[in-house]
Amino acid sequence: MPKCSDYMGDRRVPAGIVAKYGRFMPLKNQQGHRLVRRSKLNWSLTICCKTQGAVPNVIYEEATRQVDKMTVDTAEEISSRIEEFQNQDYERTKWIKAISGQLAEVTQNYNDVTKDLKRERMVGRMTQDDAEQWKQRFFGLQNAVERNSFVLVLIDADADAYLFKPEYYTSVDGGRKAALELRNSIHDHLQRTAPESANLPIVIKAFANSDGLSQFLVKSKTIKSQNVLWDFAKGFSQSSQLSDFILVGAGKDRADKKIEGVFEHFVGNPTCRYVFFAACHDNGYVRLLEKYVVDDAIRERVILLHSFEVGREFASLNFKSIKLDTVFASLTFKSIKMDAAFGSKSLTGTKSPVSPPPSCSSSQAKSERAATLATWTKKVKATNPANNDKTTISLKEKDLPLGSVLVNAAGQRVDSQLPQSSQKGLDGWNRKTKVANTKYCRKYHIQGSCPGHCGYSHGLLSADEHLVYRNNLRREACHIGMQCRDPACFYGHSCACKKNHCIFSAAMHSVDSSTARIWKRP
C-alpha cells in the first residue's frame, strides 16, 4: 500500500475522534480515504490508492470542531503569553530606564564632584598663594608700623593752665630748653611704664593764640615785648625736627580746633603708640575724649597730662593721667593775672595760693594757702587803698557789676548772695529732675554757652527753676577754692553750715564777708 499522507487537508485529526469512535474502528471519509491510526493518540489521514467507503459526515464535523477549538485555545494561550511577555518587557524596560536614570545621576554627581575637587584644588593652591602674599604683606606692614611708630604730645599752650615755667619764655634758648625738658620728661615716663616705647620718636605739637598769650606774658611782666614770644616759639620749634610751637593767631577757639583736628587724625593711627593730651583745663575737650572711652585700644594709648587746674568733668573719663611739674608752671591763670594787677616784677616771686588738682592732698593745699595768706592781704591793701575805707559793699548778686567778683581783705573769694528759692520753683525743679529724671546742662543754663552734643538737656527752665539750679550748684565746692577769680564760676567758694562733715574745707567755713570788696579783672 502506498504511503498515505498524515493530514486531512491541512488539519491534523484530533485525538478526541479516537476516544469517541474506538481504537480499531476503521474510519473512512466520503472520498474513501481511510483514517489510519499511526500511534496511540495521533490519528493521521491516510490517503489510500483505493477508496474503501466514506466516513460519516459527523466524524468530519466533529474533527473540524475539535480543530477549531484547539486553534482558539492555542491563540488565546499565545495571546496570553504574548501579553505576559509584553508586561515583562515593559517592567524590564522600566527597570532599565530607572537604572539608566540612576546611572546618569551618579555619573553627573561624579562629574560634579570631580569638578568641585579640581576647583577646590585650584582654589586651595590660590588660597595658599594668597595666604603667603598676605602673610608677607602683613609682616611688611607690621615692620612699617614698627619703623614709623611715634609718641604724640598735644598741648593747649594758651594763657590758661599749660604755661611753661617763666624762665623759658625769655629767649630763643629758653624755648629750646622747654622743648628738651618736656621731651625728657615724656621719655622718663615711658621708660618707667612702657620700656618698649621709650625710644620711639616724640612728636610735640603746642598750639597757642599768639595775641592773647603774648599780651598776657607782657602784662605779667614775664617778657618785655610781644616779639619775645616769637623768639620762644622759634627756639621751641628748632629744638627738634619733631617739635612745633604753633602760633595760630587771634581767635578764641583757634587753638582748640587745631588740637581737636590733630587728635582725631592721629588717635586712630596704628603708628601713634601714645597720645599725651595736655588740655585738661577745659571741660569742652571732654566731649572730644568721651567718645573714645569705650574703645579699650584707644583708651590705653591716651594719657591725660594734668596741670595745676583740671576741669571737673575730666574725673569721669577713664583715662590714665600724669603730671609734669618740672616743665609747666604751678600757678593758675587767675593767680598770675592777680600778680600782674598787683605789680609783681616776676613770676618767680611770691606765688598765689592755688588749690591743687584732685591728685594732690588737701593738707598740702592748706599749707600753701596758709603760707601766702599774709602776702595776699598786704597786696590787696597796698594796691587797692580804696578797700581800706569803711564803705559797705552790697553782697547781693543783682548789685554786683558785670564781670566782677567779691574778694575780702584776706584775698578770699566771697560768694554773692542769691535770692532764696521759692516753693513753686522747688516743686517744678523736683518734678523735672527727680520725676522725669532730666539732667540739665550747666554751661548752657548758667553760663549761657554750650557747643552742643553734651548729653545734657537744654530744655526751658522758668526763672524760679533757674534760681533753684543756681542755689544747688552753690552747694558744690569750687575745685580752685577761695582764690578763684572767674566771674562765670557757678560753684560755691564758702559755706556757713555748722556740720562736722562737709564737702567744703574748714577754711571755706570761716570766710570774712565784712571786708568784701569788688574785684574785677584788669
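The values are calculated or read from the model by the stated rules, or taken from the named source; none is laboratory data. For clarity, every value in this text was computed on a predicted model and none was experimentally measured. So basically every Cβ, Gly included, is an ideal-geometry build from the backbone, and we count neighbours across all protein chains shown. Side chains are part of the model used for accessible areas, which takes the heavy atoms of the whole protein and leaves out ligands, DNA and RNA. Shrake-Rupley method; radii C 1.70, N 1.55, O 1.52, S 1.80 Å.
Glu300 meets all of the listed conditions (1) under 20 Å from the mean Cα position of the chain (by Cα); (2) over 16 Å from Ser197 (Cβ atoms); (3) not in a loop (DSSP other than H, G, I, E, B) but one, namely (2).
Within region 249-276, restricting attention to residues that are outside any loop (DSSP other than H, G, I, E, B) and of a type in the set (A, V, I, L, M), which residue is most open to solvent (accessible area, probe 1.4 Å)?
The selected residue is Val262.
Inspect all residues belonging to region 222-236 and state whether any of them is of a type in the set (Phe, Trp, Tyr) and either open to solvent by 10 Å² or more (accessible area, probe 1.4 Å) or in a loop (DSSP other than H, G, I, E, B) (or both). Looking for residues that are of a type in the set (Phe, Trp, Tyr) and either open to solvent by 10 Å² or more (accessible area, probe 1.4 Å) or in a loop (DSSP other than H, G, I, E, B) (or both), one finds at least one in region 222-236, hence yes. Any residue that is in a helix (DSSP H, G or I), buried (at least 19 other Cβ atoms within 10 Å of the Cβ) and either β-branched (Val, Ile, Thr) or within 31 Å of the chain's Cα centre (by Cα) (or both) - is there at least one of those in region 168-190? Yes, there is a match, as at least one residue in region 168-190 is in a helix (DSSP H, G or I), buried (at least 19 other Cβ atoms within 10 Å of the Cβ) and either β-branched (Val, Ile, Thr) or within 31 Å of the chain's Cα centre (by Cα) (or both).
Any residue at all in region 212-223 that's modelled with pLDDT of 90 or more and either closer than 18 Å to Asp158 by Cα or touching a strand residue (DSSP E or B) at 6+ places or on another chain (Cβ under 8 Å) (or both)? Give the steps one after another, and end with the answer.
Residues of region 212-223 modelled with pLDDT of 90 or more: none.
Checked against the condition, which is being modelled with pLDDT of 90 or more and either closer than 18 Å to Asp158 by Cα or touching a strand residue (DSSP E or B) at 6+ places or on another chain (Cβ under 8 Å) (or both), region 212-223 yields no hits at all.
On the stretch given as region 197-214, residues that are free of Cβ contacts under 8 Å to residues at least 12 places away in the same chain and open to solvent by 10 Å² or more (accessible area, probe 1.4 Å) total 1.
The set of residues in region 240-258 being at pLDDT 90 or above and either touching a strand residue (DSSP E or B) at 6+ places or on another chain (Cβ under 6 Å) or among the hydrophobic types (A, V, I, L, M, F, W, C) (or both) consists of Leu242, Ser243, Asp244, Phe245, Ile246.
Only one entry of Thr51, Thr64 meets the criterion of being at negative phi, at pLDDT below 85, open to solvent by less than 100 Å² (accessible area, probe 1.4 Å) and outside any helix (DSSP H, G or I), and that entry is Thr51.
Give me a count of the residues in region 277-297 that are more than 13 Å from Leu152 (Cα to Cα) and outside any helix (DSSP H, G or I). Before you say what the answer is, go through the steps one by one.
The initial filter retains those residues of region 277-297 that are more than 13 Å from Leu152 (Cα to Cα), namely 279-297.
Okay, now just the ones that are also outside any helix (DSSP H, G or I), so 279-283, 291-295.
Qualifying residue count for the region: 10.
Check region 465-484 and report whether any residue there is open to solvent by 60 Å² or more (accessible area, probe 1.4 Å) and under 24 Å from Lys291 (Cβ atoms). No, that holds for no residue.
Scoring Lys234 on the criteria (1) among the basic types (Lys, Arg); (2) over 40 Å from the mean Cα position of the chain (by Cα); (3) within 23 Å of Tyr274 (Cβ to Cβ) leaves a single failure, condition (3).
Filtered by the rule that a residue be under 16 Å from Arg474 (Cβ atoms) and part of a helix (DSSP H, G or I), region 420-432 gives Gly425, Leu426, Trp429.
Do we find that Ile246 is part of a strand (DSSP E or B) and either surrounded by 22 or more Cβ atoms within 10 Å (Cβ to Cβ) or within 35 Å of the chain's Cα centre (by Cα) (or both) in this structure? Outline the logic, then answer.
Numbers: part of a strand (DSSP E or B): yes; either surrounded by 22 or more Cβ atoms within 10 Å (Cβ to Cβ) or within 35 Å of the chain's Cα centre (by Cα) (or both): yes.
So Ile246 passes the test.
Taken as a whole, region 135-145 holds no residue that is in contact (Cβ under 8 Å) with a residue 12 or more places away in the chain and open to solvent by 80 Å² or more (accessible area, probe 1.4 Å). When residues in region 408-437 are screened for being under 43 Å from the mean Cα position of the chain (by Cα) and loosely packed, with under 14 Cβ neighbours inside 10 Å, 7 of them pass. Residue count for region 305-322 satisfying the condition of being open to solvent by 20 Å² or more (accessible area, probe 1.4 Å), modelled with pLDDT of 85 or more and out of contact with any helix residue (DSSP H, G or I) (no Cβ under 7 Å at 6 or more places or on another chain): 3.
Within region 485-505, being within 22 Å of Phe308 (Cβ to Cβ) and open to solvent by 20 Å² or more (accessible area, probe 1.4 Å) holds for Asp486, Pro487, Ala488, Cys489, Phe490, Tyr491, Ser494, Ile503, Ser505. Within region 71-88, is there a residue that is at pLDDT 65 or above and surrounded by 13 or more Cβ atoms within 10 Å (Cβ to Cβ)? Within region 71-88, not a single residue is at pLDDT 65 or above and surrounded by 13 or more Cβ atoms within 10 Å (Cβ to Cβ). The test for being assigned to a strand (DSSP E or B) and either over 36 Å from the mean Cα position of the chain (by Cα) or more than 25 Å from Glu309 (Cβ to Cβ) (or both) holds for Val405.
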